[in-house]
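Report on the following structure.
Quick note: the coordinates plus some simple rules give every number you see, no bench work behind them. Given the structure is predicted, the values throughout are model-derived calculations rather than measurements. Here the Cβ positions follow ideal geometry from the backbone for every residue, glycine too, while neighbour counts run over all protein chains shown.
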Amino acid sequence: RIAYVNGSYVPHGEAAVHIEDRGYQFADGVYEVCEIRHGHLIDETRHMDRLERSLKELRIDMPMSRQALGIVLRETVRRNRVREGLVYMQVTRGVARRDHAFPKPGTPPALVVTAKSVDPRKGEANAAKGVGVITRPDNRWERVDIKSVGLLPNCMAKQAAREAGAYEAWLVDKDGFVTEGSSTNAWIVTKDGVLVTRFTDFGILKGITRTTLFDLCAREGVKIEERQFTVAEAQEARECFLTSATTIVMPIVSIDGRPIGNGAPGSIATGLRAKFHEVAE
Ligand code: PDD
């Protein structure tokens, strides 16, 4: 495998960043994960838009032009011969002597890009069976709209899910509402067949898969309500599912051990999963 690190393509096993990279010391950086399908980047424009937004919110410069970054992404995918998989990009505020305040202007941001193949049969097998989720308190900071590499609460929640034999942890705010998953957006389907997902503010990540699913639902005439929902409402829902670049639309068959619907993947989630790539660009 080959990684791109600050201007060079290097063997993955030898790829390294400086010990005083601010991403390493302070989680002072942002990232994107983009699906690769049939060798193409899915929803590249939206991922680039969100990367730029995250950087702007943190006042980190783009490491290079969007066009140049697009070339690096494609070249990394090509050099790793990825047809089906993921490309990961990370931008940090760069290398500087440790000090919480920002380094002096002109310190170049650091860019790392990796790509890996993922066997699509694995996702399809999970989707065919459906997955379980558990719930955990959402103890993240209040700007999770920024796709920051500071993911410790997300890692703790995901690990709790793994240890419980579940696929994902749904995060629940102090008022009892589900915000999102540790690395996915959260959805339910009401008895009337209406999709419900939380509105976007600073309290969730505005998922690209979520946005593209809005496009698909508009085309298919499926109604979406953007509002909060509780764990109890989700457990009583007709269907539940999660979305992300890595999972697309993944049906959920249990929450905290309670079966959803008849305990099998729902037809709406399964149908949307099958049609997703008809609208994703
Ligand atoms: N995670 N919410 C959170 C907290 C996420 O980390 C992600 C993505 C999403 C879904 O966003 P999108 O549809 O743009 O992938 C929602 C990526 C895949 C990750 O951390 O690996």
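Quick check on the chain: helices-only [θ] at 222 nm, where DSSP H runs of length 4 and up contribute -39,500 (n - 2.57) each and the sum goes over total residues. Nearest 500, please. Don't skip to the end; give the middle numbers.
Working: 8 runs with 88 residues, N = 281.
For the chain, the value works out to -9500 deg cm²/dmol.
Determine the sum of side-chain charges near Glu278: Lys and Arg each +1, Asp and Glu each -1, restricted to other residues whose C-beta is under 14 angstrom from that of Glu278.
Working: positive: Arg37, Arg219, Arg273, Lys275; negative: Asp43, Asp215, Glu220, Glu281.
Counting the neighbours of Glu278, the net charge comes to 0.
What percent does the relative contact order of region 2-118 come to when contacts are Cα pairs within less than 8 Å and at least six residues apart? Each step should come with its number before you reach the end.
On the way: 207 pairs, mean separation 43.1, N = 117.
Contact order relative to length: 37 percent.
Mind pulling the per residue volume of the convex hull built on the Cα atoms of region 76-182? Å³ is fine. Mind dumping the intermediate values first?
Details: hull volume 16.4 nm³, N = 107.
So the per-residue hull volume is 153 Å³.
Averaging over every viewing direction, what projected area does the convex hull of the Cα atoms of region 2-118 cover, in nm²? Don't jump to the answer; show the numbers that get you there.
Working: hull surface 27.7 nm².
So the mean shadow area of the Cα hull is 6.9 nm².
Would you list which lysines come within 24 Å of Lys223, measuring only between C-alpha atoms, while excluding same-chain residues fewer than 8 positions from it?
Excluding near neighbours in sequence, the set is Lys191, Lys206, Lys275.
Using 0.36 nm per residue, how much length does the chain from Lys206 to Arg143 gain when fully extended, once their Cα-Cα distance is taken away? Display every interim value, and only then the final one.
Numbers: separation 63, 0.36 × 63 = 22.68 nm, distance 1.16 nm.
Extending this stretch completely gives an extra 21.5 nm.
Stokes-Einstein D for region 120-178 at 10 °C, 1.306 mPa s, Kirkwood Rh over Cα pairs, in µm²/s? Present the calculation step by step, with values, prior to reporting the outcome.
Working: Rh = 12.8 Å.
Estimated via Stokes-Einstein, D reaches 124 µm²/s.
Taking only the alpha-carbon atoms of the chain, what semi-axes of the equivalent ellipsoid follow from 5 times the gyration tensor eigenvalues under a square root, in whole Å, largest first?
On the way: eigenvalues 217, 92, 57 Å².
Gyration-tensor ellipsoid for the chain: 33, 21, 17 Å.
Under 17 Å Cα to Cα from Lys116, which aspartates and glutamates show up? Leave out anything in the same chain fewer than 8 places away.
Lys116 reaches Glu14, Glu32, Glu35, Glu44, Glu75, Glu84.
Once you list every other residue whose beta carbon is under 14 Å from the beta carbon of Val10, what net charge do they have if Lys and Arg are +1 and Asp and Glu are -1?
On the way: positive: Arg1, Arg79; negative: Glu14, Glu75.
Computed value for this residue: 0.
Per residue Cα convex hull volume for region 125-269, in cubic angstrom? Display every interim value, and only then the final one.
Numbers: hull volume 14.7 nm³, N = 145.
Spread over its residues, the Cα hull of region 125-269 gives 102 Å³ apiece.
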